[in-house]
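The values are calculated or read from the model by the stated rules, or taken from the named source; none is laboratory data. Computed from a predicted model, the values in this text were never measured in an experiment. Here Cβ is always computed from backbone atoms with ideal geometry, including for glycine, and neighbour counts include all displayed protein chains. Accessible surface is based on the protein model in full, side chains and every heavy atom, while ligands, DNA and RNA are left aside. Shrake-Rupley method; radii C 1.70, N 1.55, O 1.52, S 1.80 Å.
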Amino acid sequence: MRKTSLFIILASLSATCWGDVEILHWWTSKGEQKALDSLEHHLLQQGITLNHSSILGGGGDTAMTVLQARALAGNTPDIAQIEGPSIKAWDEVGIVHTINETAKKYRWDEHLYSLTIDINKTSNGYIALPITLHRLNWLWVNHTLLDQLELTVPKTWPEMFQAMEKAKQKNMIPLAIGEEAWQIAMLFESLVLATGGVDFYYNALVELQRDHIDSEQMRLALRQLRKISSLIEAQHPNQKWDTATQALIENKALFQLGGDWILGDLLASDVNVPQEIGCYPAPQSHNAFLYNMDSFIFMDASDFTQQQALQVADALADKNFQAKFNRIKGSIPVHTDISLSGFNPCQIQSHHDFIQATEKGLAVPSMTDSMAVNPVAQQAINSEIFRYYRNSDVSEDEVIKRIISIAKST
Ligand code: BGC
């Protein structure tokens, strides 16, 4: 028997053992699974066995639908991966355990970033355990292909389009894309940040202000999205983001734009990052930090008591574990007091950029990845943008009109 397995068994025998906990999540890619393995291993050392309910679909829309259906049926998982404002909505439903003892033990009020506190705490105290802080406005660049094209990394969208055109002429995939609504909408978010800047992005896509939605900046971002769609031959319909990352790894695609869960997959595939594939702020957004955050809620049920929830929360709040999990996941820790020693240079840059951006008011939540508006509006807006991307008969005015009517109904 391998030493590590023996260690796990001994550790689990010595810890208080009260059985299995079920976690509902959407971590199914190679890097995500590796991070999850570290979580499972860590809990097992405390005598807690994890059962997975993995729901396919990055961004978590499907997982959230499943969570709602299960709550309605009175069959909640013990732990659920969750993001942004829906944490507070679940608290209002009244089926979430508070984890204030864990928060006190780990001094979250002092050691979490203030945006982490805002997202995970209500008047009831801490109702979710934050675990990752992801940067979304990253451009991942295949250096081998960039060198072959004799190009430098684009800093603006016009430069980006020139590079994509050149890549296309040489039969490379200019931009590896997840052909799903949330992925295309995330691309659009980066275009809006570039055309309008952080304040504009916030007013248009977080506050959903009509005069910002109905604007020249949004029209320009939409025209650029259409240009991307015309430069990219349909890859695989419904292709997932991690399949797109595979094309980047296999030297087939020049760029991929998206969250640093891509880094998790690159590292899990033993890619040398940033030497082989580099991370750069998405064009025209180098000072901005577009983020989302993963948290866990612990659901109140007869077979999952507050005491059990606290025991799991205590284990997951451990700072060494949080550091390890984020290192694998590609993200950065949600705590101010976790050292980034041993993290990848892309994560160190992300952390540096996050601190700068928060000081300057340039850190903004992602609308398309569940950090800003309610889930119904979010999914409706994402699918309008996706429809526009896929169908060149849809005009900019039509999308804008539709987003305004979604905004009115929220
Ligand atoms: C989550 C990440 C996850 C990504 C892709 C995002 O919504 O925050 O943790 O890796 O979706 O699945």
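For K34, the aspartates and glutamates whose Cα comes closer than 15 Å to its Cα, not counting residues fewer than 8 places off in the same chain, are D242, D260, D265, D270. Of K30, K121, K227, which has the largest mean-square fluctuation in a 10 Å C-alpha GNM of the chain? Ranking K30, K121, K227 by mean-square fluctuation puts K227 first.
Pairs from the table (K105/K324; K227/K329; K168/K324; K88/K319) lying more than 28 angstrom apart at Cα are K227/K329; K168/K324.
Largest first and in whole Å, give the semi-axes of segment 156-283's equivalent ellipsoid, each being the square root of 5 times a Cα gyration tensor eigenvalue. Present the calculation step by step, with values, prior to reporting the outcome.
Values: eigenvalues 140, 53, 37 Å².
That gives 26, 16, 14 Å for the three semi-axes.
Computed from the C-beta positions of H52 and N320, the FRET efficiency with R₀ = 25 Å rounds to 0.65. In degrees, nearest 10, range 0 to 90: what is the angle between the Cα axis of helix 396-408 and the longest Cα principal axis of the chain? So the inclination is approximately 30 degrees. Angle of helix 3-14 to the longest C-alpha principal axis of the chain, folded into 0 to 90 degrees and rounded to 10: 50°.
Distance between the 7 Å Cα→Cβ label points at D211 and L149: 4.0 nm.
Modelled this way, with points 7 Å down the Cα-to-C-beta line, the labels at T358 and L340 are 1.2 nm from one another.
A Förster distance of 45 Å, applied to the separation of the beta-carbon atoms of R387 and Q307, puts the FRET efficiency at 0.40.
Once you sort the root eigenvalues of the Cα gyration tensor of segment 266-410 as a ≥ b ≥ c, which label holds: rounded (a/c under 1.5), prolate (a/b larger than b/c) or oblate (the other case)? Oblate shape, in that a/c is at least 1.5 and b/c is the bigger or equal ratio. In terms of the Cα gyration tensor, with a ≥ b ≥ c the square roots of its eigenvalues, is the chain rounded because a/c is under 1.5, prolate because a/b exceeds b/c, or oblate? It comes out prolate by the Cα gyration axes. Backbone geometry of segment 193-208 corresponds, through the Karplus equation with coefficients 6.51, -1.76 and 1.60 at θ = phi - 60°, to 3J(HN,Hα) couplings of 4, 6, 6, x, x, 5, 5, 4, 3, 4, 5, 6, 10, 9, 7, 6 Hz, x marking Gly and Pro. GNM remark for the chain: springs join alpha carbons under 10 Å apart, and the peak mean-square fluctuation among E359, E179, E276 falls on E359.
Normalised by the number of residues in the chain, the average gap of Cα pairs under 8 Å and 6 or more apart makes the relative contact order 26 percent. The slack in the chain from T156 to D37, taken as 0.36 nm per residue of separation less the alpha-carbon distance, amounts to 39.0 nm. Centre-to-centre separation between the Cα atoms of segment 177-243 and those of segment 376-410: 11 Å.
In the assembled protein chains, D393 presents an accessible area of approximately 130 Å² (probe radius 1.4 Å).
Taking Lys and Arg as +1 and Asp and Glu as -1, the other residues whose beta-carbon sits under 11 Å from that of A181 total -2.
Going by the alpha-carbon gyration tensor, a ≥ b ≥ c the square roots of its eigenvalues, is segment 10-147 rounded (a/c under 1.5) or, if a/c is not under 1.5, prolate (a/b greater than b/c) versus oblate? Rounded shape, in that the Cα axes give a/c under 1.5.
Annotation: amide H-H contacts under 5 Å for V394 (H modelled 1.01 Å from N, sequence separation of 5 or more, or interchain): none. A simple spin-label model places pseudo-atoms 7 Å from Cα toward Cβ; at A89 and H236 they are separated by 3.1 nm. Highest GNM mean-square fluctuation among Q148, Q379, Q183, for the chain modelled with Cα contacts below 10 Å: Q148.
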